[in-house]
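The structure under discussion appears below in the form of structure tokens.
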Amino acid sequence: MKWSEEELKALEIGVVGGFARGCQAGGITRFSLLSAVGSTSKSRIRYVRVMGLKEEAVQGIGFQRLAIFRPGIIAGNAHTPRYAAWLGRLIPGRFGTIEQDDIGRAFVAEFISNSAQNGVGYLENGAMRQRSRAFK
């Protein structure tokens, strides 16, 4: 919250985008990206807008498969206050709380899956939980 929009863009688009371009240049064909629920470059909300710009930048690289993970409130994360994670449990669906461990397992499930379709896929809370359970 203390970062300016330019600092946030430098990290999320500059560093993450640079890493993604390096992966693609090195022959990586599948990439997974952590974003945020509701991300769109047209948002008036700074964080959501920057996440949307990041998604667009990485999509433009041209991976054979790009999985974009869009969690709601991440519980178990040092940057998420406990009260926010608790309150998020009262919100159903994609804007509610998801455990960071579920996100991590869903990332792994995406990478080890031979059935992942080509193109861009979006995974929100429900899909991440489903993949996480299948991986356990």
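Rule-based calculations on the coordinates, nothing more; no lab input. These numbers come from a predicted model, not from an experiment. Note that we place each Cβ from the backbone using ideal geometry, even for glycine, and neighbour counts take in every protein chain shown.
Where does the chain land at 222 nm, in deg cm²/dmol rounded to the nearest 500, when only DSSP H runs of n ≥ 4 count, each adding -39500 (n - 2.57), divided by all residues?
-13000 deg cm²/dmol
Mind checking which aspartates and glutamates have their Cα closer than 19 Å to the Cα of Lys2? Skip sequence neighbours fewer than 8 apart in that chain.
Leaving aside aspartates and glutamates fewer than 8 places away in the same chain, those within reach of Lys2 are Glu12.
Taking +1 at the Cβ of each Lys and Arg and -1 at the Cβ of each Asp and Glu, which of Thr97, Val108, Phe69 sits farthest along the dipole of the chain towards its positive end, judged by Cα position relative to the Cα centre?
Thr97
Considering only C-alpha atoms, what is the centroid distance from the stretch 81-104 to the stretch 8-36, in Å?
Their Cα centres are 25 Å away from one another.
Quick one: which residues, 5 or more positions from Glu99 or on another chain, have an amide H under 5 Å from its amide H? H modelled 1.01 Å from N in the peptide plane, none for Pro or chain starts.
When sequence neighbours closer than 5 places are left aside, the close amide H contacts are Ala75.
State to the nearest 20 debye the size of the charge dipole of the chain about its Cα centre, where the only charges are +1 on K and R beta carbons and -1 on D and E beta carbons.
260 debye
Which of the helices in the chain meet the span-like rule: DSSP H, Cα axial reach of 27 Å or more, Kyte-Doolittle mean at least -1.0?
none
So who's got an amide H within less than 5 Å of the one on Ser32, skipping anything under 5 residues away but keeping other chains? H placed 1.01 Å off N, in plane.
For Ser32, whose amide H was placed from the backbone, the distant partners under 5 Å are Ala67.
Relative to the compact-globule scaling 2.2 N^0.38 Å, provide the ratio for the alpha-carbon radius of gyration of the chain.
1.05
Could you list which residues have their amide H under 5 Å from that of Gly38, counting only those 5 or more apart in sequence or on another chain, with H placed in the peptide plane?
Those qualifying (amide H under 5 Å, at least 5 residues apart or on another chain) number zero.
Can you give the relative contact order of the chain as a percent, counting alpha carbon pairs under 8 Å and 6+ residues apart?
Across the chain, relative contact order equals 23 percent.
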